[in-house]
Amino acid sequence: MLIVDVLIAVFVLTGALLMVTSALAMFRAKDALSRINVFSPATGLGMPLVLLGCYIYTLQHEGFSVYRLLIAIVGFLSFIIVSSIASNTLSRSTVLVGSPVHRYTRPNRLVEPLVPVDGGETGDPTAETETAHGDGPAQRSV
Amino acid sequence: MSIVFWIAICLFAVAIAIALARVATAKDLGSRAIIGDLVYFAAVGILTMIAMLVDLTIMLDVIFLASLLGILSTIALSRILTRGYR
């Protein structure tokens with residue numbers, strides 16, 4: 001019984017500490033893309049740990065149930081997958097709207113010239129797909 | 001056992017306070033959108049802790065629905081950022 005309590009406490013406190021860490025990292029990241037990037041430990045590791053602690057608590061107090069196991073597994077996977085899709089969508093729209101990218105964000109293919117100036121070796125296929133969108137505003141570096 | 005849940009509630013509240021202070025000082029809209037997402041997940045964590053404190057039987061359902069529907073606000077904010085341009 002004591003070991004189960006310690007497990008619940010470790011999972012819940014680790015999840016909460018990861019959330020605080022991710023909130024503090026918002027101050028250290030320089031631009032929006034880096035902030036979206038440092039947000040992923042909170043939803044990719046912190047919230048699944050909280051859900052795991054909650055499921056162990058439920059298992060201890062109310063016993064096993066197939067429905068609760070199914071709910072917990074689907075919630076665990078959707079915390080990882082759904083929040084990743086949301087971060088991807090938000091970062092894509094942040095790039096499209098032309099928000100500034102800090103010079104410390106590296107590697108940064110977005111501020112390289114779309115048309116290669118000399119040689120022709122610097123052009124990559126991602127830059128060509130960016131020009132295919134048409135009227136997306138150009139990137140500017142800070 | 002309940003002291004652990006109270007400590008976790010305090011940690012989530014500290015995370016929300018730090019994130020709101022960052023929203024007040026942020027310049028661009030993408031940062032504000034992602035910090036709003038962080039506030040949402042911290043609020044879900046606080047709800048989970050309260051549900052474990054008062055022994056609710058629906059706490060797993062709460063986390064399940066919150067994890068599935070958390071994408072909606074982020075996608076709506078990203079559509080607002082680009083003015084509907086995909």
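Miscellaneous remarks
- Options B:S78, B:S73: the member that is buried (at least 16 other Cβ atoms within 10 Å of the Cβ) and part of a helix (DSSP H, G or I): B:S78
- Scope region B:50-73; condition within 16 Å of the chain's Cα centre (by Cα) and over 21 Å from A:Y67 (Cα atoms); matching residues: B:I50, B:G70, B:I71, B:L72, B:S73
- Residue list for region B:33-56, filter: of a type in the set (S, T, Y) and either more than 10 Å from chain A (Cβ to nearest Cβ) or open to solvent by 10 Å² or more (accessible area, probe 1.4 Å) (or both): B:Y40
- Residue in region A:88-101 that is open to solvent by 70 Å² or more (accessible area, probe 1.4 Å) and either at pLDDT 90 or above or in contact with a Lys or Arg (Cβ under 7 Å, 6 or more places away or on another chain) (or both) present: no
- Residues being closer than 16 Å to A:A72 by Cβ and at the interface with chain A (Cβ under 7 Å from one of its Cβ atoms) - total across region B:58-76: 7
- The one condition in (1) within 21 Å of B:S2 (Cβ to Cβ); (2) open to solvent by less than 10 Å² (accessible area, probe 1.4 Å) that A:A23 fails to fulfil: (1)
- B:R79 vs. criteria among the basic types (K, R) and at the interface with chain A (Cβ under 8 Å from one of its Cβ atoms): yes
- Residue match in region B:37-45 (condition: without any contact (Cβ under 8 Å) to a residue 12 or more places away in the chain and hydroxyl-bearing (S, T, Y)): no
- Count of region B:16-32 residues which are part of a helix (DSSP H, G or I), open to solvent by 10 Å² or more (accessible area, probe 1.4 Å), within 19 Å of B:L77 (Cβ to Cβ) and within 7 Å of chain A (Cβ to nearest Cβ): 1
- For region B:6-15, the count of residues that are over 16 Å from A:A42 (Cα atoms), in contact (Cβ under 8 Å) with a residue 24 or more places away in the chain and open to solvent by less than 70 Å² (accessible area, probe 1.4 Å) is zero.
The values are calculated or read from the model by the stated rules, or taken from the named source; none is laboratory data. On a predicted model such as this, the values are computed, not experimentally measured, just so you know. As a convention, Cβ positions derive from the backbone with ideal geometry for all residues, glycine included, and neighbour counts pool all protein chains shown. The accessibility values were calculated without ligands, DNA or RNA, using every heavy atom of the protein model including side chains. Shrake-Rupley method; radii C 1.70, N 1.55, O 1.52, S 1.80 Å.
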